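Report on one structure; see the data block that follows.
The values are calculated or read from the model by the stated rules, or taken from the named source; none is laboratory data. Computed from a prediction, not measured in an experiment: that's the story for all the values here. Ligands, DNA and RNA are excluded from the accessible area calculation, which covers all protein heavy atoms including side chains. Shrake-Rupley method; radii C 1.70, N 1.55, O 1.52, S 1.80 Å.
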Amino acid sequence: METTTNTPRDIIVIYSPRMAGYLMLRGFYLVGVQPNLKRPGKNCFSFFSSQMLKEAMEDYLNHKEELEKL
């Protein structure tokens, strides 16, 4: 019988719904959505942290103006 151990993974929280949508379109797994306690009516989007995620976030920020026109 195999046993699996759950190792904790780092989570990155995104506050921008547009960036969260972009990351999901790029294939990143949305871990969860929570209400933003500092800004009622807004949400926080959680993703597993990875170097690829950070690069995709940087790509989004570098091309944000172009992407928002779509």
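In this structure, Leu61 does not qualify as part of a loop (DSSP other than H, G, I, E, B), modelled with pLDDT under 95 and open to solvent by 100 Å² or more (accessible area, probe 1.4 Å).
Inside the range 34-52, can you point out the residues that are open to solvent by 100 Å² or more (accessible area, probe 1.4 Å) and outside any loop (DSSP other than H, G, I, E, B)? Listed by number, the residues that qualify are Gln51, Met52.
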